[in-house]
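The values are calculated or read from the model by the stated rules, or taken from the named source; none is laboratory data. Note that this is a predicted model, so its numbers are computed, not measured. Neighbour counts run over all protein chains shown; Cβ positions are idealised from the backbone, glycine included. Remember, those area values only see protein heavy atoms, side chains included, never the ligands or the DNA or RNA. Shrake-Rupley method; radii C 1.70, N 1.55, O 1.52, S 1.80 Å.
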Amino acid sequence: MGARLTIWPTPAEGRQDVPWDALPQEALAKIFSYLCDGDRCQASLACKAWHTVFRMACLWRRRTFVFPGSKTQQVCNDGFLREHGQHVQHVILEFEFQNKAALQCFQAFIDTANDCAAFRSIKVRHLCFSYLPKRWTAYRPKIVQALCLLLKRQPMLQEADFYFCQFTHNEGLQVLKALTGDLRLMTRPNLINLNLEAFFQARTHYISLRTFTEVMGRFTSLAFLRVDQHYLCEAVLDKLITGCAQTLRHLDIVMDTTVVHAIDSHTWSLAVQRYPSLTVSVRLYDVYTLEEYSRVLVESMPLTRVSFWDMSWMRDITFADVARFLGYVSDIFFNTIEVVGVSDNRCLTLGLEAEGYLEMEIALFNLIERCVPLNRLFLSMPLKPETLDKLSRVVAARAQNEMKRLEVTVVDEDMSPEYIEERWPRLCALSFDDLLFDDF
């Protein structure tokens, strides 16, 4: 191959011309990972070395399968699985439609996948049934049944993510039973991570907790569980601590303002006594009163991460609401909290309307001063330059003590990340579009 690659290691070393076919396979694989399937196929025809890279398993471990209901997509999925299915480990299943054609495409995918693939993780996306046209609801039970068949026949599955699937009560229990083998005494020893956020339909708050508790008791190796607070009661927590006593490391609890039930302080104390290494993170999606905070964020909870992410479209929050949240966290969890996040660029504004800003600023620096374990702080809200000056000085002071290092990330729609990091180099900055939900 005549083409050459120019490499500039350092100014002192100068320019180096390296033949493309002399690059190590790891470098070529990294380049190939940015190409679409068609471009990969074309590049693999260039020479034997590139064809060898094209066949490397690392290129095909992660894959997104889309089910738009077209015959062409069904053929593509089938061909890909037969060619590279043995390498695929992590898949995302996206449902553009839930009609007859999509069902047939999904069923054909399952038939092939169960024959030639062993998935380690499955993420299901866009399978929310709440807003389906009535003419499509007839296919919902069959799609759920097909999904259960896929889950049952993947013995190597370690991670399952059903974010915002919004199943009905019975459908959700079917899926959970499929994860555990659908047998009363059978468990899946490999499942480590499970995401059940918005797993049931939005109004399915009064699910049969007895049945849900029994199903959750079948999991014996969970290390991480994300679950809505509506589904987490004392009995479920007890089942998890008992069944996953040797494995459970972290509970990620999602809360909104509809407090159906809350685990009391005594139950959390018993859980911590039985499993001292258990940690908890909480995602608050709306404003709470102090009374509600005291119900759901009890002192004995082993809370290490907490975020306030305003997702309420019914009311506007104020800086006073943020101050109340930060104040409660610093008063109750100053010995355990490690990560705190606040996000709301939609309602909060500076200027004359900044009600409670001074109160929020005082609560923020009181949080930093009191919470010694605190090492990460996310602030996605408008902040005054004087506040950022103070934050920069605090981060610089804590950097001198290895045990008190603090990373502060700022997201402000009115200031670019480049401007923030140039003016306050001690702070990290992201654009609002780059802020990942999982950063909290």
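R15 is checked against (1) of a type in the set (K, R); (2) at pLDDT 85 or above; (3) open to solvent by 60 Å² or more (accessible area, probe 1.4 Å) and fails just one. What number does that condition carry? Result: R15 fails condition (2) only. Restricting region 152-183 to residues that are of a type outside the set (S, T, Y), in a loop (DSSP other than H, G, I, E, B) and open to solvent by 20 Å² or more (accessible area, probe 1.4 Å), the residue that is modelled with the highest pLDDT is Q158.
Quick one: what pairs do we get from region 116-129, first residue farther than 13 Å from L150 by Cβ, second part of a strand (DSSP E or B) and open to solvent by less than 20 Å² (accessible area, probe 1.4 Å), C-beta under 6 Å, 6+ apart or different chains? Taking only residues 6 or more apart or on different chains, the pairs are H126/F95. Counting only helices (runs of 4 or more DSSP H) wholly contained in region 211-317, the ones carrying 3 or more residues that are modelled with pLDDT of 90 or more occupy 234-243, 265-274. Going by the conditions given, is R40 loosely packed, with under 14 Cβ neighbours inside 10 Å, over 29 Å from the mean Cα position of the chain (by Cα) and not in a strand (DSSP E or B)? Taking the combined requirement at face value, the residue does not satisfy it. On inspection, L237 qualifies as open to solvent by less than 40 Å² (accessible area, probe 1.4 Å) and more than 30 Å from T318 (Cβ to Cβ).
Restricting region 86-108 to residues that are at pLDDT below 90 and assigned to a loop (DSSP other than H, G, I, E, B), which is surrounded by the fewest Cβ atoms within 10 Å (Cβ to Cβ)? For region 86-108, the residue satisfying everything is E96.
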